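The values are calculated or read from the model by the stated rules, or taken from the named source; none is laboratory data. Since we're looking at a predicted model, the values are computed, not measured. Here Cβ is always computed from backbone atoms with ideal geometry, including for glycine, and neighbour counts include all displayed protein chains. Accessible surface is based on the protein model in full, side chains and every heavy atom, while ligands, DNA and RNA are left aside. Shrake-Rupley method; radii C 1.70, N 1.55, O 1.52, S 1.80 Å.
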Amino acid sequence: MSFSDMNGILAALDALPPGEALFDLDGTLIHHDIGEATLRRQIARGPLPAAATAWLGTEDPWAVYEKLDPVSQCVAAAVALAGLDRAAVETLVDEAFAAGDVTPNAAICELAAAIGRRHRVWILTGSAEVLGEAVAPRLGIRHVRGVRLIERNGILGDRVDGIVSCAEGKVRATWVHFGRRPVFAIGDSPWDLHLLRLAHVARTTGRIAGMEFPGYPAEPPPAA
């Protein structure tokens, strides 16, 4: 990480009072997408819960999923977990990591740990909150907000409780849960730009790195 701007980020954040640092999960703290990895497993095992079938049908659920807009994708992947308990969710997440479908993004996890010495680090994800909670300990993070499913007697329901924290929903979730602008935010996709524009300091990875906000980690300088 010799070419990254971690020191510059930390210096900028040290000038701010302690606050919330919001990290996107899929494509940012981890490579790939835990919601999609678990959805693929649910499709393979079948049948999907009725709420997910209402979104994705039965003929080719994955093909239908890929054509949905990002907010609808978040909901469809979340409600596919309906009927599971948290132990079953943990098993799905364990399988996804064991198969290499998702892996920690070491550079971003290192940044989160450094920022966490002064600020409160949160995962703010469009994946199901229960998935984020299962992933977070693997990344050294304690706090998670995501798409929350109504849960009764330890079983996940088929309805979303509250805000779908994707795209503009991440901004709404930030105001509802924290009541102020985040000191820092980082994400990987155009759907994270709404949140990045709200943060005091922001970085991007992946598809939008360096376009509107600086990419992280920074690319090595060109050879002389």
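A few comments on the model shown:
- Odd one out for HIS194, checked against (1) more than 16 Å from the chain's Cα centre (by Cα); (2) under 22 Å from ASP33 (Cβ atoms); (3) modelled with pLDDT of 95 or more: (1)
- Restricting attention to region 1-14, the residues that are open to solvent by 30 Å² or more (accessible area, probe 1.4 Å) and part of a loop (DSSP other than H, G, I, E, B) add up to 4.
- Note on region 197-215: among residues that are aliphatic (A, V, I, L, M) and either at pLDDT below 95 or within 16 Å of the chain's Cα centre (by Cα) (or both), the one that is surrounded by the fewest Cβ atoms within 10 Å (Cβ to Cβ) is MET211.
- Which listed residue, of VAL89, VAL71, VAL75, is of a type in the set (Val, Ile, Thr), closer than 13 Å to VAL135 by Cα and not in a loop (DSSP other than H, G, I, E, B): VAL89
- Reported count of residues in region 141-162, each being surrounded by 14 or more Cβ atoms within 10 Å (Cβ to Cβ), free of Cβ contacts under 8 Å to residues at least 40 places away in the same chain and not charged (D, E, K, R), is 3.
- Residues satisfying the stated conditions in region 110-153, i.e. of a type outside the set (S, T, N, Q), more than 18 Å from ALA199 (Cα to Cα) and assigned to a loop (DSSP other than H, G, I, E, B): ARG117, GLY140, ILE141, ARG142, ARG148
- Residues that are in a helix (DSSP H, G or I) and farther than 12 Å from ASP24 by Cβ, drawn from region 154-172: GLU168, GLY169, VAL171, ARG172
- Residues that are open to solvent by 50 Å² or more (accessible area, probe 1.4 Å) and free of Cβ contacts under 8 Å to residues at least 40 places away in the same chain, drawn from region 68-89: ASP69, ALA87
- Any hit, region 121-137, residues being under 17 Å from LEU22 (Cα atoms), among the small types (Gly, Ala, Ser) and touching an Asp or Glu at 6+ places or on another chain (Cβ under 8 Å): yes
- Residue within region 147-155 that is basic (Lys, Arg) and in contact with a Pro (Cβ under 8 Å, 6 or more places away or on another chain) present: no
- Filtered residues of region 114-128 (kept if surrounded by 23 or more Cβ atoms within 10 Å (Cβ to Cβ) and either of a type in the set (D, E, K, R) or over 24 Å from ARG181 (Cβ atoms) (or both)): ALA128
- Among the criteria (1) modelled with pLDDT of 95 or more; (2) hydrophobic (A, V, I, L, M, F, W, C); (3) within 20 Å of ASN7 (Cβ to Cβ), the one ALA218 does not fulfil is (1).
- Residues satisfying the stated conditions in region 163-194, i.e. surrounded by 21 or more Cβ atoms within 10 Å (Cβ to Cβ) and farther than 18 Å from ALA128 by Cα: PRO182, VAL183, PHE184, ALA185, ILE186
- Residue within region 90-111 that is more than 17 Å from the chain's Cα centre (by Cα), crowded, with 20+ Cβ neighbours inside 10 Å and in contact (Cβ under 8 Å) with a residue 24 or more places away in the chain present: no
- Going through (1) within 22 Å of GLY35 (Cα to Cα); (2) part of a loop (DSSP other than H, G, I, E, B) one by one, ALA218 falls short only on (1).
- Subset tally (residues that are among the β-branched types (Val, Ile, Thr), crowded, with 22+ Cβ neighbours inside 10 Å and out of contact with any Pro (no Cβ under 7 Å at 6 or more places or on another chain)) for region 15-67: 3
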